[in-house]
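Enquirer: This is the structure, below, for whatever I ask next.
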Amino acid sequence: DANDIEKGTYPHFMLKEIDEQPFVMRKIIREYQTENNELKLDQNIRQAMNSCDRIYIIAAGTSYHAGLVGKEFIEKLANVPVEVHIASEFSYNMPLLSEKPLFIFISQSGETADSRAVLVKIKEMGHPALTITNVPGSTLSREADYTLNLYAGPEIAVASTKAYTAQIAVLAILAVDTAKTKGLPLDFDPMQELAIVANAMEVLTDQKEAIEDLARKYLHTARNAFFIGRSVDYHVCLEAALKLKEISYIQAEGFAGGELKHGTIALIEEGTPVIAIATQENVNYSIRGNVQEVVARGANDMVISMKGLERDTDAFVIPHVHELLTPLVSVVPLQLLSYYAALHRDCDVDKPRNLAKSVTVE
Ligand code: G6P
């Protein structure tokens with residue numbers, strides 16, 4: 001059928017979409033740059049970013065996880081406070097808003113009903129809204145004041161991969177652009193760093209066999225799996241766990257490394273897979289400590305670290321990229337890990353049970 005043609009030589013859309021990520025990064029670099037290598041963004045969006053006193057990011061699922069990473073960029077680079085909210089929670093339990101809020105809706109499809117419910121409410125209240133989406137003509141795009149396009153191309157697999165990394169890249173560009181218009185100091189060239197990310201992603205998508213081996217070794221018969229990380233690695237853990245749950249049906253959770261001892265560590269048994277992400281220098285020592293704690297209780301540990309921070313016993317090392325942008329790269333082996341875990345467990349990778357690509361009911 002038509003789907004088989006679009007898939008080309010790939011067995012699944014998910015694998016194809018994982019592989020497309022370096023190209024999407026390069027596309028985003030091109031689309032958000034002028035001929036003079038300046039950042040290209042609508043002046044109205046610049047103005048909205050500059051005149052707000054707080055940003056409220058609203059999203060669901062994987063897009064929510066991208067929002068958590070986006071908060072880091074916007075707060076650290078552009079110096080604007082950011083709250084990230086699950087759309088379905090926000091609509092029934094609205095937090096106290098600041099005086100001049102700006103709402104950012106992140107949605108691959110632009111059709112998620114939970115997010116739309118929030119958009120309708122905040123428009124009634126008269127607040128400005130920016131939608132970051134892969135589908136420019138979508139409902140969330142049409143009904144918001146401004147739109148930023150992800151340029152990821154159609155995402156068919158239910159489990160989102162390339163939209164997540166595209167969302168993070170666009171949020172990084174938005175944050176850098178805001179920092180620049182505000183005249184805040186910036187010690188790196190965002191487009192150059194994203195180009196390094198694209199190359200790193202390519203290195204990783206060329207290492208499928210190694211990751212397939214890890215999936216076989218750690219997840220083939222696992223009942224559950226835990227992802228641990230600190231700081232921005234923790235956000236990636238949440239996404240990695242969601243990916244694994246969605247397509248392999250392994251019960252998976254992402255935890256903040258330091259929170260383990262406050263309860264979760266009770267779940268560790270002999271052989272429990274614990275996947276740790278270590279890409280941040282300032283927490284490298286402490287996450288390593290957390291790994292030792294779970295290993296002492298029998299966990300089967302798999303550390304995914306970044307070049308420069310690695311230790312001999314790490315299972316997998318990703319190339320070095322700018323420390324703010326590591327989620328774009330660390331997520332790739334984790335997407336592949338979920339893919340191969342699901343594949344070897346005979347799951348329907350592209351169409352997992354009970355899930356829809358876009359949920360248009362509240
Ligand atoms: C559904 C999909 C998820 C997605 C979420 C939000 O639940 O299965 O993969 O992350 O919706 O979708 P959106 O299109 O708003 O990003």
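Enquirer: For residues in the range 228-241 being in contact with a Phe, Trp or Tyr (Cβ under 7 Å, 6 or more places away or on another chain) and in contact (Cβ under 8 Å) with a residue 40 or more places away in the chain, which is farthest from the ligand (Cβ to nearest atom)?
Expert: Going residue by residue through the range 228-241, those that are in contact with a Phe, Trp or Tyr (Cβ under 7 Å, 6 or more places away or on another chain) are 228, 237, 239-241.
Subset that is in contact (Cβ under 8 Å) with a residue 40 or more places away in the chain: 228, 237, 239-240.
On the way: I228: 22, C237: 16, E239: 10, A240: 14 Å.
Looking at residues that are in contact with a Phe, Trp or Tyr (Cβ under 7 Å, 6 or more places away or on another chain) and in contact (Cβ under 8 Å) with a residue 40 or more places away in the chain, I get I228.
Enquirer: Right, something else. Can you find a residue that is touching a residue at least 40 places away in the same chain (Cβ under 8 Å), out of contact with any Gly (no Cβ under 9 Å at 6 or more places or on another chain) and within 16 Å of the ligand (Cβ to nearest atom) anywhere in the range 167-176? Spell out how you get there, then give the answer.
Expert: Of the residues in the range 167-176, the ones touching a residue at least 40 places away in the same chain (Cβ under 8 Å) are 167-176.
Okay, now just the ones that are also out of contact with any Gly (no Cβ under 9 Å at 6 or more places or on another chain), so 169, 173, 176.
In the following step, the residues that additionally are within 16 Å of the ligand (Cβ to nearest atom) were identified as 169.
Looking for residues that are touching a residue at least 40 places away in the same chain (Cβ under 8 Å), out of contact with any Gly (no Cβ under 9 Å at 6 or more places or on another chain) and within 16 Å of the ligand (Cβ to nearest atom), one finds at least one in the range 167-176, hence yes.
Enquirer: Could you list all residues from the range 74-106 that are more than 9 Å from the ligand (Cβ to nearest atom), assigned to a strand (DSSP E or B) and of a type outside the set (A, V, I, L, M)? Steps first, please.
Expert: Applying the first criterion (more than 9 Å from the ligand (Cβ to nearest atom)) to the range 74-106 yields 74-86, 88-104.
Subset that is assigned to a strand (DSSP E or B): 82-86, 101-104.
Hits for the range 74-106 are E83, H85, P101, F103.
Enquirer: Only one of these conditions is not met by I211: (1) among the β-branched types (V, I, T); (2) at pLDDT 95 or above; (3) farther than 12 Å from L337 by Cα. Which number is it?
Expert: The one condition I211 does not meet is (3).
Enquirer: Another question, then. Given the structure, is L343 away from the ligand (no atom under 16 Å from the Cβ) and not in a loop (DSSP other than H, G, I, E, B)? Write out each step before concluding.
Expert: Details: away from the ligand (no atom under 16 Å from the Cβ): yes; not in a loop (DSSP other than H, G, I, E, B): yes.
Spelling it out, L343 is indeed away from the ligand (no atom under 16 Å from the Cβ) and not in a loop (DSSP other than H, G, I, E, B).
Enquirer: Something else now. With the requirement that a residue be assigned to a helix (DSSP H, G or I) and of a type in the set (V, I, T), what does the range 45-73 give you?
Expert: I45, T62, V69
Enquirer: Sort out which residues of the range 200-228 are of a type in the set (S, T, N, Q) and in contact with a helix residue (DSSP H, G or I) (Cβ under 9 Å, 6 or more places away or on another chain), and write them in order of number.
Expert: Within the range 200-228, the first condition is being of a type in the set (S, T, N, Q), and the residues that meet it are 205, 207, 221, 224.
Of everything in the range 200-228, those that are of a type in the set (S, T, N, Q) and in contact with a helix residue (DSSP H, G or I) (Cβ under 9 Å, 6 or more places away or on another chain) turn out to be T205, Q207, N224.
Enquirer: Scan the range 346-358 for residues that are over 17 Å from Y164 (Cα atoms), charged (D, E, K, R) and within 11 Å of the ligand (Cβ to nearest atom) and report the count.
Expert: Residues of the range 346-358 over 17 Å from Y164 (Cα atoms): 346-349, 351-355.
Remaining after also requiring charged (D, E, K, R): 346, 348, 351, 353.
Filter once more, so that each one left must be within 11 Å of the ligand (Cβ to nearest atom): 351.
Number satisfying all stated conditions: 1.
Enquirer: Residues to consider are L260, L186, L150, L244; find the one that is over 27 Å from L77 (Cα atoms) and touching a residue at least 60 places away in the same chain (Cβ under 8 Å).
Expert: Numbers: L260 fails: touching a residue at least 60 places away in the same chain (Cβ under 8 Å); L186 fails: over 27 Å from L77 (Cα atoms); L150 fails: over 27 Å from L77 (Cα atoms).
The match here is L244.
Enquirer: Continuing with the same structure: Being crowded, with 22+ Cβ neighbours inside 10 Å, at pLDDT 95 or above and not basic (K, R) narrows it down to one residue among I86, I28; which is it?
Expert: Values: I86 fails: crowded, with 22+ Cβ neighbours inside 10 Å.
Answer to the check: I28.
Enquirer: Shifting gears a bit: Please count how many residues of the range 141-156 are more than 9 Å from the ligand (Cβ to nearest atom), crowded, with 17+ Cβ neighbours inside 10 Å and farther than 30 Å from G126 by Cβ. Spell out how you get there, then give the answer.
Expert: Applying the first criterion (more than 9 Å from the ligand (Cβ to nearest atom)) to the range 141-156 yields 141-154, 156.
Narrowing the set further to residues that are crowded, with 17+ Cβ neighbours inside 10 Å leaves 141, 144, 146-152.
Checking the rest, the ones that are also farther than 30 Å from G126 by Cβ come to 151-152.
Total satisfying the criteria: 2.
Enquirer: Considering each of V331, V321, V361 in turn, give the residue that is within 16 Å of the ligand (Cβ to nearest atom), in contact (Cβ under 8 Å) with a residue 24 or more places away in the chain and not in a helix (DSSP H, G or I). Lay out the reasoning, then the answer.
Expert: Values: V331 fails: not in a helix (DSSP H, G or I); V321 fails: within 16 Å of the ligand (Cβ to nearest atom).
Every option except V361 fails the conditions.
Enquirer: Taking T165 as the residue in question, decide whether it is hydroxyl-bearing (S, T, Y), assigned to a helix (DSSP H, G or I) and in contact with a Lys or Arg (Cβ under 8 Å, 6 or more places away or on another chain). Step through it out loud before you land on a result.
Expert: On the way: hydroxyl-bearing (S, T, Y): yes; assigned to a helix (DSSP H, G or I): yes; in contact with a Lys or Arg (Cβ under 8 Å, 6 or more places away or on another chain): no.
Criteria not met by T165.
Enquirer: For the range 181-202, state whether one or more residues are aromatic (F, W, Y), more than 22 Å from R297 (Cβ to Cβ) and surrounded by fewer than 24 Cβ atoms within 10 Å (Cβ to Cβ).
Expert: yes
Enquirer: Also, I was wondering about something else. Given the condition within 15 Å of the ligand (Cβ to nearest atom) and either out of contact with any Lys or Arg (no Cβ under 8 Å at 6 or more places or on another chain) or more than 26 Å from V197 (Cβ to Cβ) (or both), answer yes or no: does some residue in the range 123-130 qualify?
Expert: Looking only at the range 123-130, we keep the residues that are within 15 Å of the ligand (Cβ to nearest atom), and these are 129-130.
Checking which are either out of contact with any Lys or Arg (no Cβ under 8 Å at 6 or more places or on another chain) or more than 26 Å from V197 (Cβ to Cβ) (or both) leaves us with 129-130.
Within the range 123-130, one or more residues are within 15 Å of the ligand (Cβ to nearest atom) and either out of contact with any Lys or Arg (no Cβ under 8 Å at 6 or more places or on another chain) or more than 26 Å from V197 (Cβ to Cβ) (or both).
Enquirer: Separate question: Tally time: how many residues in the range 301-315 are in contact (Cβ under 8 Å) with a residue 60 or more places away in the chain and either surrounded by fewer than 18 Cβ atoms within 10 Å (Cβ to Cβ) or assigned to a helix (DSSP H, G or I) (or both)? So that I can check it myself, show each step before the final result.
Expert: Of the residues in the range 301-315, the ones in contact (Cβ under 8 Å) with a residue 60 or more places away in the chain are 302, 315.
Still in the running and either surrounded by fewer than 18 Cβ atoms within 10 Å (Cβ to Cβ) or assigned to a helix (DSSP H, G or I) (or both): none.
Qualifying residue count, the range 301-315: 0.
Enquirer: OK, next. Does the range 1-25 hold any residues that are modelled with pLDDT of 95 or more, among the charged types (D, E, K, R) and part of a helix (DSSP H, G or I), and which are they?
Expert: K16, E17, D19
Enquirer: Only one of these conditions is not met by I132: (1) in contact with a strand residue (DSSP E or B) (Cβ under 7 Å, 6 or more places away or on another chain); (2) surrounded by 18 or more Cβ atoms within 10 Å (Cβ to Cβ); (3) in contact (Cβ under 8 Å) with a residue 60 or more places away in the chain. Which number is it?
Expert: (3)
Enquirer: If only one of Y64, Y56 is touching an Asp or Glu at 6+ places or on another chain (Cβ under 6 Å) and in contact (Cβ under 8 Å) with a residue 24 or more places away in the chain, which one is it? Break it down into steps so the answer makes sense when it comes.
Expert: Numbers: Y64 fails: touching an Asp or Glu at 6+ places or on another chain (Cβ under 6 Å).
Of the residues listed, the single one that is touching an Asp or Glu at 6+ places or on another chain (Cβ under 6 Å) and in contact (Cβ under 8 Å) with a residue 24 or more places away in the chain is Y56.
Enquirer: Go through S109, S115 for me and flag whichever is in a helix (DSSP H, G or I), in contact (Cβ under 8 Å) with a residue 24 or more places away in the chain, of a type in the set (S, T, Y) and touching a Ser or Thr at 6+ places or on another chain (Cβ under 9 Å). Reasoning before the result, please.
Expert: Values: S109 fails: in a helix (DSSP H, G or I).
Sole residue among the options that is in a helix (DSSP H, G or I), in contact (Cβ under 8 Å) with a residue 24 or more places away in the chain, of a type in the set (S, T, Y) and touching a Ser or Thr at 6+ places or on another chain (Cβ under 9 Å): S115.
The values are calculated or read from the model by the stated rules, or taken from the named source; none is laboratory data. Predicted model only: the values in this text are computed from it and were never measured. Every residue, glycine as well, gets a Cβ built from its backbone with ideal geometry; the counts of neighbours run over all protein chains shown.
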